[in-house]
1. Expected output is a single nm value to one decimal: the length gained when fully extending between D164 and H326, i.e. 0.36 nm times separation in residues minus the C-alpha distance. What is it?
2. Tell me the mean residue ellipticity at 222 nm calculated for the chain from its helices only (DSSP H runs of n ≥ 4, each -39500 (n - 2.57), averaged over every residue, nearest 500).
3. Compute the acute angle (0 to 90°) between the alpha-carbon long axis of helix 22-35 and the principal axis of greatest extent of the alpha-carbon atoms of the chain; round to the nearest 10°.
4. Note down the nm distance, to one decimal, between modelled labels 7 Å out along Cα→Cβ at V105 and at D174.
5. What per residue convex hull volume, in Å³, comes out for the stretch 70-251 when only alpha-carbon positions are used?
6. How big is D for the stretch 1-65, in µm² s⁻¹ as a whole number, if Stokes-Einstein is applied with the Kirkwood radius of its Cα pairs at 25 °C and 0.890 mPa s?
7. Inverting the mean 1/r over all pairs of different Cα atoms, compute the Kirkwood radius of the stretch 103-178 and quote it in Å.
8. Exceeding 19 Å between C-alpha atoms, which entries from my cross-link table qualify? They are K92/K245; K289/K320; K289/K328.
Amino acid sequence: MPANLPPEYYGAEKRFKQAASMQEKVAALEDLISSVPKHKGTDKIRADLRRRLSKLREESAKKKKSGRGDLYTVEKQGASQVALVGFANSGKSSILAAVTNAHPVIADFPISTVMPLSGMMPFEDIQFQLVDLPPIGNESTDGWVSGILRNANVLMLVVDLSEDADVQAELLLDQLSEWKIRVAKEDDKDGQREVVSPKPVIIAANKYDLPAAEKKFNALIQAYDADYPIISISAKNKRGADILKKAVFLNSGTIRVYSKERGKEPDLKTPFTLPAGSSVLELAEIIHKDFVRNLRYACIWGSVKFDGQRVQKDYILRDKDIVEYHVK
Ligand SMILES: Nc1nc2c(ncn2[C@@H]2O[C@H](COP(=O)(O)OP(=O)(O)OP(=O)(O)O)[C@@H](O)[C@H]2O)c(=O)[nH]1
Ligand SMILES: [Mg+2]
């Protein structure tokens with residue numbers, strides 16, 4: 001990596017590496033190209049980046065042509081993908097509308113959602129992707145819905161407090177097990193990287209604003225509190241929205257890490273998001289391949305005893321750590 005590139009280049013490069021969707025990748029790569037100064041010394045870099053851009057655009061066009069696939073898969077974006085799982089009218093779409101920028105159809109008739117729709121939910125300085133789906137138990141959509149659940153990072157079971165929420169939770173868990181989608185119970189979690197399988201589950205008990213809700217909520221707590229995180233929410237008046245956001249973060253197994261260049265202030269604007277349990281070396285692999293080869297050690301601010309303490313490559317990072325890499 002030549003040393004004479006401007007700081008904007010590194011910012012754009014970081015965005016490119018973090019981009020989860022094709023669209024984001026193309027946009028970030030365009031920024032990256034425009035941030036490289038035009039002179040002889042950068043000819044090769046610019047040509048290389050332009051080749052990557054045209055390849056990406058081709059891939060993106062191919063994806064669009066195949067069309068149909070979009071109905072059955074949802075491209076991941078943000079720190080983690082959270083699928084909303086529930087029976088008809090439980091309020092999945094209402095939750096999506098309450099905590100993200102999306103505008104789903106909300107209706108009092110069943111199966112008002114017929115296609116997946118995702119929205120981004122901000123939490124502090126990162127975003128999670130929520131995916132709204134048709135209800136469980138709908139024969140014509142269960143096939144591809146189960147595929148999306150299998151691929152998601154976190155499952156949010158949405159139960160309706162105007163009915164027996166504990167029974168709904170039981171039926172949803174039974175269905176997941178029938179589909180062989182393994183979910184993590186509280187006991188299984190040891191803060192390590194159990195994000196892919198089994199999947200973390202959050203039970204969101206919705207319609208807490210209704211008069212009989214508390215009694216139903218207590219029954220749900222009695223049955224499942226030991227095994228799964230349960231939160232109450234009213235999507236209608238957004239009560240509990242902040243707790244829901246925090247629960248998603250805490251259960252997603254995501255940590256944020258900030259990078260810092262030697263002698264400079266840390267870049268606190270764009271955190272890297274990583275699975276909990278990731279090491280200094282694993283972050284280096286995401287940042288740049290060259291780093292890995294030349295990495296000597298890192299200095300950490302945050303989870304260590306002393307600010308700027310030197311650690312080895314296998315040091316396990318914690319949420320909000322700041323990392324300064326030292327290379328050969
Ligand atoms: N009182 C109350 N009603 C709610 C709340 N959330 C949703 N509703 C109502 O419940 C009905 C169903 O809401 P939706 O968000 O469409 O439910 P859904 O789970 O997406 O339903 P499907 O897409 O059919 O599976 C609508 O009439 C909503 O207005 C809530 O927190 N409180
Ligand atoms: Mg819906």
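Taken together, the values in this text are just the output of simple stated rules run on the coordinates, not laboratory data. Keep in mind that what you see is a predicted model, and the values were worked out from it rather than measured. Note that we place each Cβ from the backbone using ideal geometry, even for glycine, and neighbour counts take in every protein chain shown.
1. Details: separation 162, 0.36 × 162 = 58.32 nm, distance 5.68 nm.
Residue separation times 0.36 nm, minus the Cα-Cα distance, leaves 52.6 nm.
2. -11500 deg cm²/dmol
3. For 22-35 against the chain, the angle is about 20 degrees.
4. Here the answer is 2.9 nm between the modelled labels.
5. Roughly 105 Å³ of hull volume per residue.
6. Rounded, D is 200 µm²/s.
7. It is 13.9 Å.
8. With Cα atoms farther than 19 Å apart: K289/K320.
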